[in-house]
Amino acid sequence: MKRNVLILCDAFPPAFSPRMGYLCKFLSEWGWNPVIVTEYLPQDLYRDLVQTHDITYVNYYWSRNRAVQRFKYALAFFADLFFNYKNWVIKGAAKKKLKKYDISLILSSSHRIFPALAAYQLSRRYHIPYLMDLRDIFEQSSHNELISRKITNIKWLNNGIAAVITRKLTRQRNKILKKADIVTTVSTWHVETLSHYNRQTHLIYNGYDSELFFPKTVNSQQFIITYTGRLHSQEIRDPALLFEAVAHLSAQKLINPAFLRIRFYSDAASQNIIRSIAEKYGVNSFIDYCALIPHSEIPHLLNSSSILLLLTNKSSETGGPQGIMTTKLFEYLAVEKPILCVRNDKGCLEATIKDTQSGLAASTVAETVCFIMEKYCEWQQKGFTRQAVNRSAIQQFSRREQARQFVELFEQLTVARAAQ
């Protein structure tokens, strides 16, 4: 008989953030049934991951009327900031599931206090083990990117308010961290940071679905450098090094826009950031700005590309990103295409790219130029590119393996609780 795990998360497919969606896809193989309660977000990128699970979507503010949505969002934002409103509402929805199902474990997955507080409170009230999963944490950058909504149009005031909110949410998160039975997170840097609050912190990477992402030879008429995803800020993801390299190659007449294209599949806000940086280097003629596409279309897109682009920045104690290993990295690895990471983070991404022999984490314009030209010549000769990766190193990142690691912790917690 399958056991039930109650999952409270801040995003679930079809919305962005597929970590829990993929976990649920494979849980049944190990005898677990997911029951999901999550915030409703109006996105449709991971429709293929919404199957027959019991999913409750809590709509806090979304409306087809934009004025109504702004008003409801402001109310929800401040009510949550001062009274933990969102946790209170999602906890009420989760209680109905606790009455309907025999729940063996409660899991929260988020990047801040919501909905971890609700999950923790429910676990203590009903005496159910609690696993806290953190995809992102405030410490991974120093520019408050996880508080992304503008509260005012005055930059310095907005930054000050965001800093205050960040400190408050971090303190609230840490209180729960210390009390969670087990904590999971996404990189070695995150494990090291969170272990200061809870020694039972475990690493479970994001990953790729081997049923969807695998190498396939696709000839292309153009040399295509592809990026999929958002840019919250240039401090975290900076394409300047790539643009400088492309400008250099163009000036040397080694490339031209008819044959080399850089395609960004991003939202409008991200495209505005990219466009402003590209204008500085005079390379907008090489760039195609494309909308975000459904996840089911990503595998063909990646296999049709010549280079897959990872955007980051150098890690540092004072500002650069720390330990950010996005889903796109692992999906890039799975299709065995050359990966260009700019700028070299000097951290987790560089180490993973070296271990998997999957491409280059670039620190200089010269090495970026050499990498692009090497792959460009390969494409001219073959009509496609392929990277000789270390497949054994990549296999550890499959989503099925990720689910197995979660289940091991589920079993550990339930056995320990049964022994008490």
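Exactly one residue out of 360, 333 is of a type in the set (A, V, I, L, M) and free of Cβ contacts under 8 Å to residues at least 24 places away in the same chain: that is 360. When 401, 411, 378, 331 are checked against the criterion of being out of contact with any helix residue (DSSP H, G or I) (no Cβ under 9 Å at 6 or more places or on another chain), in a helix (DSSP H, G or I) and on the phi < 0 side of the Ramachandran plot, a single residue qualifies: 378.
Could you go through the range 45-57 and let me know if any residue there is modelled with pLDDT of 90 or more and crowded, with 20+ Cβ neighbours inside 10 Å.
Of the residues in the range 45-57, the ones modelled with pLDDT of 90 or more are 54-57.
Applying the additional criterion that residues be crowded, with 20+ Cβ neighbours inside 10 Å yields none.
Checked against the condition, which is being modelled with pLDDT of 90 or more and crowded, with 20+ Cβ neighbours inside 10 Å, the range 45-57 yields no hits at all.
Residues of the range 344-375 that are in a loop (DSSP other than H, G, I, E, B) and surrounded by fewer than 19 Cβ atoms within 10 Å (Cβ to Cβ): 346, 357, 363, 364.
In the range 162-240, which strands (runs of 3 or more DSSP E) lie fully inside it and hold 2 or more residues that are under 19 Å from residue 329 (Cβ atoms)?
Working: elements: 182-185, 201-203, 223-228.
In the range 162-240, 182-185, 223-228 are the strands (runs of 3 or more DSSP E) which contain 2 or more residues that are under 19 Å from residue 329 (Cβ atoms).
Restricting the range 241-270 to residues that are part of a helix (DSSP H, G or I) and touching a Lys or Arg at 6+ places or on another chain (Cβ under 8 Å) leaves a set whose member that is surrounded by the most Cβ atoms within 10 Å (Cβ to Cβ) is 243.
The values are calculated or read from the model by the stated rules, or taken from the named source; none is laboratory data. None of the values given here were measured: they were computed from a predicted structure. Every residue, glycine as well, gets a Cβ built from its backbone with ideal geometry; the counts of neighbours run over all protein chains shown.
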